[in-house]
Amino acid sequence: MKRTALLLAFFCCASAPFAQEKKEITANEVIERIKKNLGVPWKNETVDTFKSGDPNAKVTGIATTMMTTLDVLQRAAAKGDNLIITHEPTFYDHMDTSKELPMGESDPVLAEKRKFIEDHHLIIWRFHDHWHRNTRDGILAGQVHALGWEKYQDSANPYLFTLPETTVGRLADEIQKKLGIHVMRIVADRDMKVKRVAYSPGASGFHREVGALEMPDIDVLLAGEPREWETVEYVADAIAEGRHKALIILSHVPSEQFGMDECAKWLKTFVTEVPIEFVPTKDPFAPLKPPQK
């Protein structure tokens, strides 16, 4: 009996330090786990790199977001998240340099943003190329889930959908509500009936957008950020020619936003040391106020 009591005391004392030991992980270790859990090989030529902060610093919390606006950074920092995983650039340029700004690093907006990042010891890492290239496009998966369109998705081409017949106007209203979009634009007759939909999120470019519209059975293209002198003009001409085509412009952020909510859920399956949350980027476009009487 005495020997059993001694053994119990030993194990209790021995396990106490382990019970109190904190789980820690660095930003670099988080990114290495991401690379390991992706379903595609990692490419060296990529924008998916650290943009600020110390990669070897310990992570206190992870925030995933569509775009690291200052507002997002402020909300993340207030919650104790110091690793920000963003889909889009932080510094107004695809490569996150200041070369496109006339004043460069002296630009006052850029300088204030950099100061906030430094003062709050934030680490920013971009997750764009590989999240799109994964075995399933993580951005598209999040958007489809938010829309509730899984059952309408083509098995051969996940960017195409066959919906119950509706009108352009009703479809646009449904999308606006589900994705929380402030401002939407439509190039079409709102009463035109549609069933076959192509989805082209973000700024996918004229070639891809019009490639979808060239498909004979596609009625409407949902696009994120098309150029007005390219895809918009093309659809306007198609309508003038009597073709059954329509364009619904979501704008860039809401067209991909929920893909980073999907990213947060995915990260939680293999990063358990720290809290992980999705911090949505606010729709930057304010709706027009109704005219005053």
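Could you list the chymotrypsin sites (Phe, Trp or Tyr not before Pro) in segment 46-133 that lie in coil according to DSSP, counting only those with at most 14 other Cβ atoms within 10 Å of their Cβ?
Within segment 46-133, the qualifying chymotrypsin sites (Phe, Trp or Tyr not before Pro) (loop, at most 14 other Cβ atoms within 10 Å) are TYR92.
Kirkwood radius for segment 134-177, taken over all pairs of different Cα atoms as the inverse mean of 1/r, rounds to 11.4 Å.
Couplings for segment 67-72, taken from phi via the Karplus curve 6.51 cos²θ - 1.76 cosθ + 1.60 with θ = phi - 60°, read 8, 7, 5, 4, 4, 5 Hz in order; Gly and Pro are left as x.
Computed from the Cα positions only, the extents of segment 82-123 along the three principal axes stand at 30, 22, 10 Å, in decreasing order. Taking GluC sites (Glu not before Pro) across segment 159-246, the ones in a DSSP loop with at most 13 further Cβ atoms lying within 10 angstrom of their Cβ are GLU214, GLU241. With 27 Å as the cut-off, how large is the P(r) tail for the chain, expressed as percent of Cα-Cα pairs? Every Cα pair in the chain considered, those over 27 Å come to 50 percent. Which shape class applies to segment 34-123: rounded if a/c is under 1.5, otherwise prolate when a/b exceeds b/c and oblate if not, where a ≥ b ≥ c are the square roots of the Cα gyration tensor eigenvalues? Oblate is the answer for segment 34-123, as a/c is 1.5 or above yet b/c matches or exceeds a/b. The alpha carbon convex hull volume per residue for segment 220-293 rounds to 158 Å³. Divide the volume of the convex hull around the Cα atoms of segment 73-212 by the residue count and you get 164 Å³ per residue. Along segment 209-220 the Karplus relation, 6.51 cos²θ - 1.76 cosθ + 1.60 evaluated at θ = phi - 60°, assigns HN-Hα couplings of 5, 6, x, 6, 5, 6, 5, x, 8, 7, 8, 9 Hz to successive residues, with x for each Gly and Pro. The convex hull built on the alpha-carbon positions of segment 138-250 has an orientation-averaged projected area of 6.5 nm². Magnitude of the charge dipole for the chain, about its Cα centre and with charges confined to Cβ atoms of Lys, Arg (+1) and Asp, Glu (-1), is about 1280 debye.
No lab work stands behind these numbers, since they all come straight from the coordinates. Everything numeric here is computed off the predicted structure, so don't read it as measured data. Note that each Cβ is placed from the backbone with ideal geometry, even for glycine, and that neighbours are counted across all protein chains shown.
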